[in-house]
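Heads up, the thing below is written out as structure tokens.
Only the coordinates and a few stated rules stand behind these numbers; no lab work does. Keep in mind the model is a prediction, meaning the values are calculated, not measured. Counting neighbours? That spans all protein chains shown, and the Cβs are built from the backbone with ideal geometry, glycine included.
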Amino acid sequence: MRALLLLSLLLSGPAAAQDVSVCAGLSEGPRATVSQVIDGETLRLHDGRDLRLAGILAPRPEDAGAAAGKWPSAVAARAELEAIALGREVTIAFGAVREDRYGRHVGHGFVTVPGAPEDRVWLQGHLVGQGLARVMTTAQNRTCAKELLELERAARDSARGIWAEEAYKVRSADSPDTLLALRGTFQIVTGEIAKAETSRSLIRLEFTAPERRAPVRALVARPRGAPGAEKLVARTDDMGDLKGKRLRLRGYVEERGGVPFLDLTVAGDLEILEPASEGPAQKSPRRGVRGPSEGSNSGRR
């Protein structure tokens, strides 16, 4: 019954079927049979190699300080991926990065599901569209980020999947104490920029701070030697013009000098928000968040 329900979601979901040309910059790679689903973002192939699904971060227990193997969102993401991919042939499509330091493939996965529109399902797009993963790009590989962010926004606006959970609530830069309590975890933060400094390789940002409070800060990588910010999803001719604009940043929360800090030079992304892009307010979450356990490095792979 569970498998039938998951397959029904697959065929009717917002990201039901895609071709490997779903976004610019992908090149088709090898095909292999999926022999095991390790977690909501990692597949083991029949030849013994693993495929790390690029551009997404599946739910994990440390998101809410839960015990390993007990976090419902993580269990649901893995179960969904098993229902879609286990035992099927996956076509790997590579972006800017093909392999990580562990020797795993890093790419986008496409599987054939008989009866699905066009018979082809984009794994990342489906998981994000169902609210079972967040978008997490890296400075070296932002292929398909725009398309994934659009799917995530729709899932978030509908409070689908993880977006109905307190642990995945979009945080405000006006609440530094909340962010400090979440250090070591991957968060999405919105706020107005009070200061933006640029150099050839970096953008340094400070959010508008509550009275008598130090501002939340962020560091964003720019393409080396390039005048613009081509690797960022949101582009602007002069990044200094970000002052006064409302941004949505995503990355791992750190603490520097008692102040929340997001370093997007490794993993994360930046979006410039227009008034209409915020979408409706999120529905009330179902669960309260607990203090996070120590940060996991697995999401930074």
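Could you compute the net charge surrounding LEU247? Neighbours are other residues with a C-beta less than 10 Å from the C-beta of LEU247; K and R count +1, D and E count -1.
Numbers: positive: LYS245, ARG246, ARG248; negative: GLU192, GLU271.
Within the 10 Å Cβ shell, the charges total +1.
If you stretched the chain out fully between ALA194 and LYS243, how much longer would it get, using 0.36 nm times the residue separation minus the C-alpha to C-alpha distance?
Working: separation 49, 0.36 × 49 = 17.64 nm, distance 0.54 nm.
Extra length available between ALA194 and LYS243 comes to 17.1 nm.
Roughly speaking, what is the stretch gain from ASP50 to GLU255, that is 0.36 nm per residue apart minus the C-alpha to C-alpha distance, in nm to one decimal?
Numbers: separation 205, 0.36 × 205 = 73.80 nm, distance 3.29 nm.
That pair, ASP50 and GLU255, stretches by 70.5 nm at full extension.
Only counting other Cβ atoms within 10 Å, I'd like HIS105, HIS126, HIS46 sorted with the fewest neighbours first.
Values: HIS105 23, HIS126 28, HIS46 12.
Exposure proxy ranking, most exposed first: HIS46, HIS105, HIS126.
How high is the FRET efficiency from ALA79 to SER175, r the C-beta distance, R0 25 Å, rounded to 0.05? Let's see the in-between values first.
On the way: r = 33 Å, r/R0 = 1.33.
That pair, ALA79 with SER175, gives E of 0.15.
With a sphere of radius 10 Å drawn around the Cβ of ARG60, what net charge do the other residues whose Cβ falls strictly inside it have (Lys, Arg +1; Asp, Glu -1)? If you can, show how the numbers build up before the last one.
On the way: positive: none; negative: ASP39, GLU41, GLU62, ASP63.
Summing Lys/Arg as +1 and Asp/Glu as -1 gives -4.
Neighbour counts of other C-beta atoms within 10 Å: give me TYR252, TYR102 arranged from fewest to most. Each step should come with its number before you reach the end.
On the way: TYR252 23, TYR102 9.
The fewest-first ordering by Cβ neighbours comes to TYR102, TYR252.
Can you tell me how segment 2-164 classifies by the Cα gyration tensor, rounded, prolate or oblate, using a/c under 1.5 as the rounded cut?
Working: a/c = 1.21, a/b = 1.15, b/c = 1.05.
It comes out rounded by the Cα gyration axes.
Which length gain, in nm to one decimal place, applies between GLU99 and LEU202 when the Cα-Cα distance is subtracted from 0.36 nm times their residue separation?
Working: separation 103, 0.36 × 103 = 37.08 nm, distance 2.51 nm.
Going from the current span to full extension adds 34.6 nm.
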